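Structure first, then comments.
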Amino acid sequence: MRQPKLTTAQEISEYLLKVTADALLQQDFESLAAVFALPHVMTTASSEIRLYTRDDLRTTFDQMCQHYQSLDVTDLQRVCEAAAFYGPDEVRATHTSHVISHGREVTPAFPVYSVLRRHDGNWKIMSSDYALGSTDPMASALTPATNRNTEARLIYQRHLDRATDAMMRKDFEAFRRVIALPQDADRNRCANHARH
């Protein structure tokens with residue numbers, strides 16, 4: 001999808017807000033996927049959702065569409081409150097989201113803070129922070145069932161990041177600290193046995 005020429009931070013934010021709103025209302029996954037960068041991070045007051053693949057994004061998209069259908073949503077109005085450049089290829093923006101059914105708001109309006117970046121000439125949404133509480137149905141709709149308990153995945157990702165960073169810096173000691181060898185497991189078993 002070729003994007004129009006976008007000059008100001010506000011234009012960039014408003015363009016992406018319109019594309020994503022139209023995509024959700026029309027259940028057009030391809031249009032939405034074209035403006036979402038992967039991996040993608042979404043946060044709510046109680047969770048962090050990481051989308052690594054198109055399948056992850058598709059699951060969240062389908063859940064959002066189902067949620068909007070259950071509310072008989074006929075319009076999504078997103079109002080850009082503020083947007084500013086942080087370098088030539090990054091915009092940070094805040095908008096207020098209004099979910100409407102036949103002219104009436106069906107959920108309380110909520111603010112969203114997003115990081116937008118230019119990739120290969122096109123602007124994409126990198127991450128979004130939703131001001132939604134843990135019991136908000138919208139927060140549940142954002143979270144794929146496979147990601148609802150993300151702690152183990154986050155721990156593993158941090159481990160991979162540390163190992164990769166150590167390799168890139170050619171820091172053997174740092175790399176060794178994140179790698180368990182068979183003798184480490186034997187030593188830990190012996191230590192645990194001695195304590196009991």
Next item on the list: For each of Leu16, Leu71, count neighbouring Cβ atoms within 10 Å of the residue's Cβ, then give the residues from fewest to most.
Entry: Leu71, Leu16
Next item on the list: For Lys5, list the lysines whose Cα falls under 20 Å from its own Cα; do not include residues on the same chain fewer than 8 positions away.
Entry: Lys18, Lys124
Next item on the list: Please report Lys124, Lys18, Lys170, Lys5 as a ranked list, fewest other C-beta atoms within 10 angstrom at the top and most at the bottom.
Entry: Lys5, Lys170, Lys18, Lys124
Notebook entry, point to check: Hey, fewest Cβ within 10 Å first, where do Thr74, Thr135 land in order?
Noted result: Thr135, Thr74
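Bear in mind that the values in this text are calculations on the coordinates, not laboratory data. What you see is a predicted model; the values in this text were computed from it and never measured. Note that we place each Cβ from the backbone using ideal geometry, even for glycine, and neighbour counts take in every protein chain shown.
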